[in-house]
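Notes for the one structure printed next.
The values are calculated or read from the model by the stated rules, or taken from the named source; none is laboratory data. Keep in mind the model is a prediction, meaning the values are calculated, not measured. Neighbour counts run over all protein chains shown; Cβ positions are idealised from the backbone, glycine included. Side chains are part of the model used for accessible areas, which takes the heavy atoms of the whole protein and leaves out ligands, DNA and RNA. Shrake-Rupley method; radii C 1.70, N 1.55, O 1.52, S 1.80 Å.
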Amino acid sequence: RVMERLPASAFTVARLEELLKDVRTLNAEAYQQVRSELETDLRDLAGYEIGYQGQLFDALGIEFTTRGVTAGQVYAGAMSQPFQGRLLREWMAGLETGRASRIRDAVRMGYVEGQTIQQVVQRVRGTRAKGYADGLLEIDRRNAEAVVRTAISHTAGFARDRWYDANDDIIGALAWVSTLDSRTSQMCRLRDGLRYEPDSHKPIGHQVPWGAGPGRLHWQCRSTSVPILKGMEDDPLIGTRAAKDYRDSARGKGEQVRATTTYADWLRRQPAAIQDDILGPTRGALFRKGGVELESFYNDRGVYLTLAELRRKDAAAFAQAGVE
């Protein structure tokens, strides 16, 4: 908007530097406001998550304690622990710097190339015809969304972990719960339904590592965990869980499935088109016609195998599925 108000003759060296100074100031103010509002929301989220975990056990009539677990302590702990390699304040600072640099470079390039003010604005903001998705600011919108979503998952996961620690006398295991839809990552598909020790996070009955944990395993991770009472570690989960195909989130059909349904179970019931969309056509054919289970696409440590590695592992499955 500042640039749009400039006259056509505004691109002098002196005016350019003044403009860039204004951009840096406005950019810093905008991200400071975003960070402040996000931190307030995360503090509220920490309290909500602690309360939610307590309500789950309270509904079962089980005595528990939240001693040492408060929203303030959880929030402070989450903010002092990095996610995806950085603290939240470091990610926010990086977003601010990155956006300012992209705008600065676009303005300077426009000056060097002799572009009009409108051309530079279009490069930065994008075009209305494409919903402004073709502008440089769209990069920052996507980056900011990824940081916010990951910060929320990180804080919620940290709150759950602190609650589990405070109630380790009644929790015997943790079950990994991934989202049942076509956007779930390769890493989380495999882990859905797997169980881990509550304190050490050692795998129970398998070798797939916990990693950073559900909600923090990767950018924008949507997985969560469910605590299992001591003495019930070998029992199946009860109740239902949601499943939805999000390829078209506006019209995607949702359903409730049994809590024991794993991602592999859900995927097996999907049409071939969705299986191919998620796995790729070759793996989709192997999954449907080659007798290859979802976990067979990974090694024992949960690493996704290449097609060449899969062929060396089970060439007969390729022949059975009729794929090269």
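Results, tabulated for the structure shown:
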read-out: Per DSSP, loop GluC sites (Glu not before Pro) in the stretch 25-63 with at most 10 further Cβ within 10 Å; value: E63
read-out: Reachable aspartates and glutamates from K313, criterion Cα separation under 18 angstrom, eight or more residues apart if same chain; value: E293, E295, D300, E324
read-out: Dipole of the stretch 72-129 [Lys/Arg +1, Asp/Glu -1 at C-beta], most positive-end residue of A100, V112, A129; value: A129
read-out: Amide H contacts under 5 Å for G172, placed H, 5+ residues apart; value: I228, L229, K230
read-out: For the stretch 260-267, Karplus couplings with θ = phi - 60° (6.51, -1.76, 1.60), whole Hz, Gly/Pro x; value: 7, 5, 8, 4, 5, 4, 4, 5
read-out: Sequence-distant lysines (8 or more away, or on other chains) whose Cα lies within less than 18 Å of K202; value: K230
read-out: I50 - accessible surface, heavy atoms, 1.4 Å probe, Å² rounded to 10; value: 20
read-out: Heavy-atom accessible area ranking, 1.4 Å probe, most first, across S223, S101, S80; value: S80, S101, S223
read-out: Hz values of 3J(HN,Hα) by residue in the stretch 168-176 - Karplus curve (6.51, -1.76, 1.60), Gly and Pro given as x; value: 5, 6, 10, 9, x, 6, 10, 9, 6
read-out: Solvent exposure, largest accessible area first (probe 1.4 Å, DNA, RNA and ligands not counted), of M187, M79, M92; value: M187, M79, M92
read-out: Rounded to the nearest 20 debye, dipole of the stretch 255-297 from Cβ charges on Lys, Arg, Asp, Glu; value: 140
read-out: Acute angle (nearest 10 degrees) that the helix 13-59 long axis makes with the longest principal axis of the chain, alpha-carbon atoms; value: 20
read-out: Contact order relative to length of the stretch 168-277, as percent, for alpha carbon pairs under 8 angstrom and 6 or more apart; value: 31
read-out: Nearest-20 debye value, the stretch 103-225 charge dipole, Cβ charges on Lys, Arg, Asp, Glu; value: 560
read-out: Highest-MSF residue in the chain out of A156, A166, A242 [GNM, Cα springs under 10 Å]; value: A242
read-out: Cβ charges +1 (Lys, Arg) and -1 (Asp, Glu), total dipole of the chain, debye; value: 1120
read-out: Accessible heavy-atom area order of V34, V74, highest first, probe of 1.4 Å; value: V34, V74
read-out: Neighbour count of at most 10 Cβ within 10 Å plus DSSP loop: longest trypsin sites (Lys or Arg not before Pro)-free window in the chain; value: 68-250
read-out: Apportionment of accessible area to carbon and sulfur, the stretch 128-179, percent (1.4 Å); value: 53
read-out: Rounded to the nearest 10 Å², the accessible area of V177 at probe 1.4 Å; value: 30
read-out: Amide H contacts of T240 (H built 1.01 Å from N, under 5 Å, at least 5 apart or other chain); value: A259
read-out: Helix-only CD estimate at 222 nm, as mean residue ellipticity for the chain, using -39500 (n - 2.57) per DSSP H run (n ≥ 4); value: -16500 deg cm²/dmol
